[in-house]
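The values are calculated or read from the model by the stated rules, or taken from the named source; none is laboratory data. As the structure is a computational prediction, the values presented were derived from the model and not from experiment. Methodologically, a virtual Cβ is constructed for each residue, glycine included, from the backbone with ideal geometry; neighbour enumeration extends over all protein chains shown. The area values use the complete protein model at the heavy-atom level, side chains included, leaving out ligands, DNA and RNA. Shrake-Rupley method; radii C 1.70, N 1.55, O 1.52, S 1.80 Å.
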Amino acid sequence: QVQLVESGGGLVQPGGSLRLSCAASGFSLDYYAIGWFRQAPGKEREVVSCISSSDDSPYYGDSVKGRFTISRDNAKNTVYLQMNNLKPEDTAVYYCNGHGPSGFSLGSWGQGTQVTVSS
């Protein structure tokens, strides 16, 4: 069964850092583009970053460009999102998913991991 489980969220102060993990099971995520998404209360889910199966030309949303870095570890079947210089507006639930024929719906949208940036 295709599953992706997010972890690594927490409460940090502005300017702090977190490293999110997206652990895949039931498939090898290195064959797929993987995206990180986030959704804040009352707002639409937005794309944060995406990494291709070839690990080429990762995408970053304008709001996180220069602060976040997406990477993959094929041996661990995991994709990471390193988040530096966090801002209060980064507060959201973060999700990951793989890109299949119908878009970023390779797995069901799960629980996500909560990131809260506050002093």
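What number comes out for accessible area per residue over the chain if the probe is 1.4 Å? Units Å², please. Walk me through the numbers before you get to the answer.
Values: 6190 Å² over 119 residues.
Result: 52 Å² per residue.
What are the ³J(HN,Hα) couplings of segment 96-103, residue after residue, when phi is run through the Karplus curve with 6.51, -1.76, 1.60 and θ = phi - 60°? Round to Hz, x for glycine and proline.
10, 7, x, 8, x, x, 9, x
Show which lysines lie in cross-link reach of Lys65 when reach means a straight Cα distance below 24 angstrom and same-chain residues fewer than eight apart are skipped.
Lys43, Lys87
Under a point spin-label approximation (7 Å from Cα along Cα-to-Cβ), what is the Gln82-Ser119 distance to one decimal in nm?
Computed distance between label sites Gln82 and Ser119 equals 2.7 nm.
Where does the charge balance sit around Asn74 when Lys and Arg score +1, Asp and Glu -1, over other residues with C-beta under 12 Å from its C-beta?
Numbers: positive: Arg72, Lys76; negative: Asp30, Asp55, Asp73.
Net local charge, Asn74 excluded: -1.
If you take the Cα atoms of the chain, find Rg, then find the Kirkwood Rh from the mean of 1/r over all pairs, what is Rg/Rh?
Here the Rg-to-Rh quotient is 0.94.
Only bridges with both residues in the chain count here: give the DSSP antiparallel percent, nearest 5. Walk me through the intermediate numbers first.
On the way: 34 of 37 bridges.
The antiparallel proportion sits near 90 percent.
If I take all pairs of Cα atoms in segment 63-119, what percentage of them are more than 16 Å from each other?
Distances greater than 16 Å cover 57 percent of the Cα pairs.
Computing the accessible area with a 1.4 Å probe over protein heavy atoms, can you report the carbon and sulfur percentage for the chain? Don't skip to the answer; put the middle values down first.
On the way: 2820 of 6190 Å².
Its accessible area is 46 percent carbon and sulfur atoms.
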